[in-house]
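Laboratory data are not the source of any read-out in this text; all were calculated from the coordinates shown. These numbers were taken from a predicted model, which means no experiment stands behind them. Cβ sites come from the backbone with ideal geometry, for glycine too, and all protein chains shown count toward neighbours.
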Amino acid sequence: KAAATIMGISFPKNTMRDCSAIIEQAIEQDKQELFHVITGNPEIVMASQKDEQLRTIIQQAGLVTADGIGVVMVSRLRRQRLPERVTGCDLLLELLAAGNRNRWSVYLLGADEETNRGAAEAILKMYPHIRVAGRHHGYFKPEEDGRIVQEIATAQPDILAVALGAPNAERWIHKYRSQLHAKVAMGVGGTLDVIAG
Ligand code: UDP
């Protein structure tokens, strides 16, 4: 099962089901290394064109999903058919459902305080077996990174959902990947806003 290469990014040919199974395995195997999931949405794909560091971050990710109908359509024109679009929002909801079955913990980083709290409350209501191991809004100064990284490392979440805008979330995760002690981390764009409602 080869990958499709579009605008310099390699997209493995995974369905949503494949993606959630790969991530579930990463969590259950409990390797000591953080598994970075990148949703290859238009902002990230475009930003990566003139940003070599971002391309390196994407290459080093554990999983890249095709989060854009454009990427999926281009893959079909080129006969490198990607099976379906896998958006960050759908994928996070899928992971929360899996987390509810497996009693995973999540840490929510990002969005404004009210949205962040609202998302945590909504998750606890919809997925009662998930543990919210911690949360922090996304409007902090770079000087506060260390404190927040430490908080996450202490919480040791199965899933770290990062809503800091793309591609800031991806850069932040990559920068601190060895210190976060999260099993899986993923930039989730505006998904906390969606969940908070
Ligand atoms: N966000 C944040 N801190 C920031 C910038 C954005 O917490 O410095 C949050 C914002 O509140 C929203 C999410 O990141 O919940 C996604 O923001 P946006 O829609 O601007 O980014 P994108 O959709 O491009 O990822």
Checklist entry - Just from its helices, what would the mean residue ellipticity at 222 nm be for the chain, if runs of 4 or more DSSP H residues each count -39500 (n - 2.57) and the sum is divided by every residue, rounded to the nearest 500 deg cm²/dmol? => result -14500 deg cm²/dmol
Checklist outcome for this item: So R147 and E121, fully extended at 0.36 nm per residue minus their Cα-Cα distance, gain in nm 7.0 nm
Next on the checklist: Based on alpha-carbon centroids, what's the gap between the range 126-197 and the range 1-27 in Å, whole number please?
Outcome noted: 22 Å
Checklist entry - If you plug each phi of the range 11-23 into the Karplus form 6.51 cos²θ - 1.76 cosθ + 1.60 with θ = phi - 60°, what whole-Hz ³J(HN,Hα) values come out, in order, with x for Gly and Pro? => result 10, x, 7, 10, 7, 4, 4, 4, 4, 5, 5, 5, 5
Item to check | 15 Å beta-carbon shell around D51, net charge (K/R +1, D/E -1) | outcome: +1
Checklist entry - Which whole-Hz ³J(HN,Hα) couplings does the range 110-123 yield from phi under the Karplus relation 6.51 cos²θ - 1.76 cosθ + 1.60, θ = phi - 60°, glycine and proline marked x? => result x, 6, 6, 4, 5, 5, 4, 5, x, 5, 4, 5, 5, 5
Checklist entry - Once amide H atoms are placed 1.01 Å from N in the peptide plane, what residues at a sequence separation of 5 or more from S105, or on another chain, have their amide H within under 5 Å of its amide H? => result R131, D158, I159
Next on the checklist: Can you sort V86, V64 from fewest to most other Cβ atoms within 10 Å of each residue's own Cβ?
Outcome noted: V64, V86
Checklist entry - FRET efficiency for Q60 and Y139, Cβ-Cβ distance as r, R0 = 30 Å, nearest 0.05? => result 0.65
Checklist entry - Counting DSSP beta bridges in the chain, what percent are antiparallel, to the nearest 5? => result 15 percent
Checklist entry - How big is D, in µm² s⁻¹, for the chain by Stokes-Einstein at 20 °C and 1.002 mPa s if Rh is the Kirkwood radius over C-alpha pairs? => result 128 µm²/s
Checklist entry - Which whole-number percent is the relative contact order of the chain (Cα, under 8 Å, 6+ apart)? => result 25 percent
